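The values are calculated or read from the model by the stated rules, or taken from the named source; none is laboratory data. Treat the numbers as computed from the prediction; the structure is a model and nothing was measured. Cβ: placed from backbone, ideal geometry, glycine included. Neighbour counts: every protein chain shown.
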């Protein structure tokens, strides 16, 4: 649930592919708008979720971030931009960096649906489905026929470490009710961060350039054509925990190892464009009431360069280029006491990869492909979901999806080092979902149900050869099969003008989970296998109480637990162990005061987490630069924020983060969070 500014329930579309009030959605959901993102000084998309119940925001590096949503992360969560899939077939296992390729400064809002399952959006949506919505000129809200032009400039400075500068410029124009254009540009120069224990974390800063454009045109009064494009470029993002810049971290009895490599740098570019035609037919009895058809193209370009000195093959470089074509058609029709949402989606990846290993002198050379070169991957799905409203109190939602996935593998090296070419594998699956919501009265409602999720093996599962954890090699295997998940959830929700609350319990059953298993009892390099069965369950509570017209108290608490049965190493005994990187007991509380005229506000917040020591010894030992001995210490950090709308053209914000300068890190992260940090922002609008 969105916490902080307003307790009124927002409208969301991700839960059903059709606009609904959040209070009518039979899922746990969270909506965070651009105002909250700015007020909370969230520098990246993963940071947007820091105060979301049930989400652990792991950060391998200052420029990376991979939310663990109800215990699952990476390619087991689905990320979208305006409903277009960002996930592609090369996403790695475990925490991934790709969520940071969506510019949080260019978003209107984000919607997170937890454990939604795969019915509406297909493979990968096991832990959570996150849909990010980009800004538009909002030309339909302007006076009909009125020409307009405007824009804004935003600047933000962060004092921590070497300092950070962020600038955002937007310009818009159009004619009310006819068309609208918006262009945006965000430039970021993040400096190296520091904290009270480690000091300056040399190499954690990086530059980023983001551009976005959107054009909307009213074909008729009830239909619209949209073209949008966005581009993100990040250079020299360091996986700091592996490098000599990391001196290690000691916090009481908890010790994280120092880095050993000279460098581990990552460059990342992503470009997305789409063309969408959408609309509705207001005529009574129309066969199709609403429709949306989207054609998309996406290019993802990732490069890694590692100087592993003193390893024998000390230099490793790799490059992956993915071009993705997508087609999505969604239709909505009334049928009896309810409505159908149905359609299809298709995504086609074309993948080129290259890589090599060599010594520092360049006298040895061997090819090392991060995934199979010259490969293709197809993902097709057809879905239907029916929302049945037998009376004013009940809503029952049932749906199903048929999925077909095919991987056409080009050239790759198998686990023995032998080169393989021209192989193909395919999988089919059917998943379903049944959910219900019961309105006890206008304020209270009960919801719950069961949802299935499906994840087909991707190119990294099948042919990957990447560096994981503290420097181990993680290999794919063509023997793996799809993963299956079933989530059961019940919740109770209250919503009124002054008070809102949500309490949810969930249990996810995990079957055939693809796991990275050690090659042997003495070799910590891994290979993928369907060696994991298990579960994760938890409880989440969030609420917001406006106890006075000017005062709001809000907060959340969440706890999870999960176990997996997996071989300790290939051919070894099956062990029952905790899930890796579980979210500890975590909570937050915020008190906000707003001036009666709404011109200025101030908020104090605390964020706390218990020690996370549910670990398997071999997991901790192989990832000792990120996870300290005995687990990750708990923390209690405070922040003070405020804002002032000076006039209709200027508003200012100021945040004092980590006021007591605590040294802490989110569990599983590769670096500590910044110590005391003052963040000053100014926005000029015209």
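Remarks
- From the list 604, 643, the lone residue that is over 23 Å from residue 67 (Cβ atoms), in contact with a helix residue (DSSP H, G or I) (Cβ under 8 Å, 6 or more places away or on another chain) and modelled with pLDDT of 95 or more is 643.
- Just one of the listed residues (398, 382, 317, 335) is within 25 Å of residue 272 (Cβ to Cβ) and either surrounded by 15 or more Cβ atoms within 10 Å (Cβ to Cβ) or in contact (Cβ under 8 Å) with a residue 24 or more places away in the chain (or both), namely 382.
- Residue 72 touching a residue at least 40 places away in the same chain (Cβ under 8 Å), buried (at least 24 other Cβ atoms within 10 Å of the Cβ) and more than 20 Å from residue 433 (Cβ to Cβ): no
- Filtered residues of the range 130-145 (kept if surrounded by 14 or more Cβ atoms within 10 Å (Cβ to Cβ) and either modelled with pLDDT under 90 or not in a strand (DSSP E or B) (or both)): 135, 136, 137, 138, 139, 140, 142
Residues are listed down the side, and each one gets a yes or a no for (1) surrounded by fewer than 16 Cβ atoms within 10 Å (Cβ to Cβ); (2) closer than 23 Å to residue 473 by Cβ:
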residue: 227; (1), (2): yes, no
residue: 251; (1), (2): no, no
residue: 259; (1), (2): no, yes
residue: 305; (1), (2): yes, yes
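- Looking across 214, 158, one residue alone is under 30 Å from residue 322 (Cβ atoms), under 24 Å from the mean Cα position of the chain (by Cα) and surrounded by 17 or more Cβ atoms within 10 Å (Cβ to Cβ). It is 214.
- The set of residues from the range 100-110 being out of contact with any strand residue (DSSP E or B) (no Cβ under 6 Å at 6 or more places or on another chain) and within 22 Å of residue 324 (Cα to Cα) comprises just one member, 100.
- Matching residues in the range 501-519 - criterion: being modelled with pLDDT under 95 and either more than 19 Å from residue 74 (Cα to Cα) or out of contact with any strand residue (DSSP E or B) (no Cβ under 9 Å at 6 or more places or on another chain) (or both): 518, 519
- Residue that is nearest to the chain's Cα centre (by Cα), among those in the range 261-277 that are farther than 30 Å from residue 202 by Cα and surrounded by 17 or more Cβ atoms within 10 Å (Cβ to Cβ): 272
- Members of the range 472-508 found to be more than 30 Å from residue 540 (Cα to Cα), out of contact with any helix residue (DSSP H, G or I) (no Cβ under 6 Å at 6 or more places or on another chain) and part of a loop (DSSP other than H, G, I, E, B), listed by number: 477, 479, 481
- Selected residue [without any contact (Cβ under 8 Å) to a residue 24 or more places away in the chain and assigned to a loop (DSSP other than H, G, I, E, B)] from 629, 660: 660
- Test: residue in the range 341-349 that is farther than 28 Å from residue 21 by Cα and surrounded by 17 or more Cβ atoms within 10 Å (Cβ to Cβ): yes
- Residues of the range 382-409 that turn out to be touching a helix residue (DSSP H, G or I) at 6+ places or on another chain (Cβ under 9 Å) and farther than 24 Å from residue 117 by Cα, as a count: 1
- Conditions (1) free of Cβ contacts under 8 Å to residues at least 60 places away in the same chain; (2) surrounded by fewer than 21 Cβ atoms within 10 Å (Cβ to Cβ); (3) under 26 Å from the mean Cα position of the chain (by Cα); number of the one not met by residue 624: (1)
- Evaluation of residue 363 against the conditions (1) surrounded by fewer than 17 Cβ atoms within 10 Å (Cβ to Cβ); (2) over 31 Å from the mean Cα position of the chain (by Cα); (3) closer than 30 Å to residue 93 by Cβ shows that the sole unmet condition is (3).
- Sole residue being surrounded by fewer than 24 Cβ atoms within 10 Å (Cβ to Cβ) and touching a residue at least 12 places away in the same chain (Cβ under 8 Å), chosen from 89, 66, 93: 93
- Filtering 413, 438, 447 for residues that are surrounded by fewer than 16 Cβ atoms within 10 Å (Cβ to Cβ), farther than 17 Å from residue 514 by Cβ and in contact (Cβ under 8 Å) with a residue 40 or more places away in the chain leaves a single hit, 438.
- Scanning the range 36-61 for residues that are over 14 Å from residue 112 (Cα atoms) and assigned to a loop (DSSP other than H, G, I, E, B) yields a total of 8.
- Selected residue (only one of 582, 560 is assigned to a loop (DSSP other than H, G, I, E, B) and touching a residue at least 60 places away in the same chain (Cβ under 8 Å)): 582
- Subset of the range 636-657 (residues that are out of contact with any strand residue (DSSP E or B) (no Cβ under 6 Å at 6 or more places or on another chain) and either assigned to a strand (DSSP E or B) or within 26 Å of residue 200 (Cβ to Cβ) (or both)): 646, 647
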